[in-house]
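Quick notes on the structure that follows.
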Amino acid sequence: MKIFQVIAPFRSLILQKTEIKYQDEIKSAFYTAHQRTLHPSVTYLKSEEILKRVTTIIISEDNTHDHHAVHHFSNLVNDEIKHDSFMKRRVIFSDGCSSQYKSRGPFADLAQKETPTNRNYFGSEHGKSECDGEIGILNRALDRAIIGKQAIINKATYLYNYCQINLEINDPVSKRLFKLVKLGEINRKRNGTNIQNITNTGKFYQVLNKVKKNEIKVRNLSCFCKQCEAELYEKCLNSKYIECFTTKKLILLNKTGELQKSENVPKIKNLSQNIAVNQHVQVKSLMKYQGKN
C-alpha cells in the first residue's frame with residue numbers, strides 16, 4: 001500500500017499556538033490567555049480496492065515548535081496508520097520551514113526511518129493545503145460551542161475531550177481522529193539527530209531515504225513521472241528541468257559538537273600533523289615547544 005501524506009507546516013494556521021477563549025471573558029483572561037499547539041496531518045491510504053482519507057490532529061500542551069516535536073507527532077500518526085494498513089512506501093508533502101522540516105535534524109530522522117520515504121517540499125511560502133481546511137473545521141466548531149455556552153474549553157485536555165466526542169469520524173473511506181500530547185512527553189535528548197550542518201538545504205525539494213546508513217538523496221525539484229514512480233530516476237522524463245539525485249552523507253556529532261570517532265576523521269600522530277589539520281597553533285610556538293630555535 002502506498003501512502004500519500006500532507007503534513008502541516010508550523011505557522012499561524014497550521015501548527016498553531018491557538019489562544020483559549022471564553023464567552024464571558026474578563027480582562028485578565030484576555031491578557032493571560034493560555035495556548036495550545038495544533039498539528040494536523042492528512043493521509044491518503046491507497047490500495048487496489050479503495051482510497052481512504054485519514055486526518056490526524058495532534059493537540060499538545062507543548063508549545064515548542066521544533067523537529068523533535070514533529071518527530072513525536074509523526075510517530076503518533078504512523079502508529080495510527082499501521083492499524084489500517086501495512087506501509088510499503090510513504091510520499092510526504094510539507095512546506096520547507098527549516099527548524100521543523102528542512103534541516104539537519106529532520107534529515108537525520110528521515111535517514112533512520114525503516115519505511116522507504118519520498119519527502120517533498122513546497123516553495124518557500126505559506127500556501128494553503130487540506131490541513132488548513134481541517135483546522136478551519138475545528139476552529140469553527142470551537143467558536144460555536146464557546147459562543148453558544150455549550151462548552152468551557154480552557155485547557156488542552158478539555159479541548160481533546162470535546163473533539164473526541166463531537167468531531168471524530170470513522171467511516172470506511174474517511175477518518176478523523178485526535179491525539180493528546182502532554183507537556184514533557186516529547187523527547188528532545190536524541191543524540192542520533194545531532195549531525196554536522198548540511199549546506200544549501202534551501203535548494204532541496206525532493207529527498208529520499210533508504211540509500212545507505214546515514215545517507216539521503218536530494219535533488220532540486222520533485223517529479224512523479226512514470227520513470228520516477230518506477231524509481232528509474234536516471235531516465236526521468238523531465239530531466240531537462242530536473243537535476244539528478246545527489247547523495248548526502250550525514251556525519252554524526254557527539255554531545256560536545258565534535259565528530260564521532262567512528263567517522264572517517266584523520267588520526268593525529270603528532271603535534272605537527274595537528275597543525276596541518278586544524279591550524280590552531282602557530283609554527284613558531286610548536287618549534288619552541290619541541291625545544292628548537
### Task
Go through the range 140-190 and give me each residue that's of a type in the set (S, T, N, Q), farther than 16 Å from LEU38 by Cα and touching a Leu at 6+ places or on another chain (Cβ under 9 Å).
ASN170
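Quick check on LYS210: is it among the basic types (Lys, Arg), outside any strand (DSSP E or B), at pLDDT 50 or above and surrounded by 13 or more Cβ atoms within 10 Å (Cβ to Cβ)?
Values: among the basic types (Lys, Arg): yes; outside any strand (DSSP E or B): yes; at pLDDT 50 or above: yes; surrounded by 13 or more Cβ atoms within 10 Å (Cβ to Cβ): yes.
In short, yes.
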### Message
Could you tell me how many of the residues in the range 171-204 are small (Gly, Ala, Ser) and either under 23 Å from SER103 (Cβ atoms) or touching a helix residue (DSSP H, G or I) at 6+ places or on another chain (Cβ under 9 Å) (or both)?
### Response
2
### Task
Mind counting the residues in the range 44-76 that are at pLDDT below 90 and within 17 Å of ASP95 (Cβ to Cβ)?
1
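Is at least one residue of the range 143-157 of a type outside the set (Gly, Ala, Ser), part of a strand (DSSP E or B) and either at pLDDT 90 or above or surrounded by 12 or more Cβ atoms within 10 Å (Cβ to Cβ) (or both)?
Going residue by residue through the range 143-157, those that are of a type outside the set (Gly, Ala, Ser) are 143-144, 146-147, 149-150, 152-155, 157.
This time we only want the ones that are part of a strand (DSSP E or B), so: none.
No, the range 143-157 contains no residue that is of a type outside the set (Gly, Ala, Ser), part of a strand (DSSP E or B) and either at pLDDT 90 or above or surrounded by 12 or more Cβ atoms within 10 Å (Cβ to Cβ) (or both).
Looking at the range 158-175, which of its residues are over 15 Å from LYS52 (Cβ atoms) and among the aliphatic types (A, V, I, L, M)? Break it down into steps so the answer makes sense when it comes.
Our first condition is that a residue be over 15 Å from LYS52 (Cβ atoms); within the range 158-175, this holds for 158-168.
Within the range 158-175, LEU159, ILE165, LEU167 qualify.
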### Message
Being over 20 Å from LYS217 (Cα atoms) and either surrounded by fewer than 19 Cβ atoms within 10 Å (Cβ to Cβ) or assigned by TED's automatic domain parsing to the domain that holds ILE186 (or both): is that true of ASP109 here?
### Response
no
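Might you check whether a residue that is of a type in the set (Asp, Glu) and more than 19 Å from ALA69 (Cβ to Cβ) occurs anywhere in the range 182-200?
No: zero hits.
The values are calculated or read from the model by the stated rules, or taken from the named source; none is laboratory data. Just so we're clear, the structure is a prediction, and the values are computed from it rather than from any experiment. Positions of Cβ are generated from backbone atoms using ideal geometry, with glycine treated the same way; all protein chains shown enter the neighbour counts.
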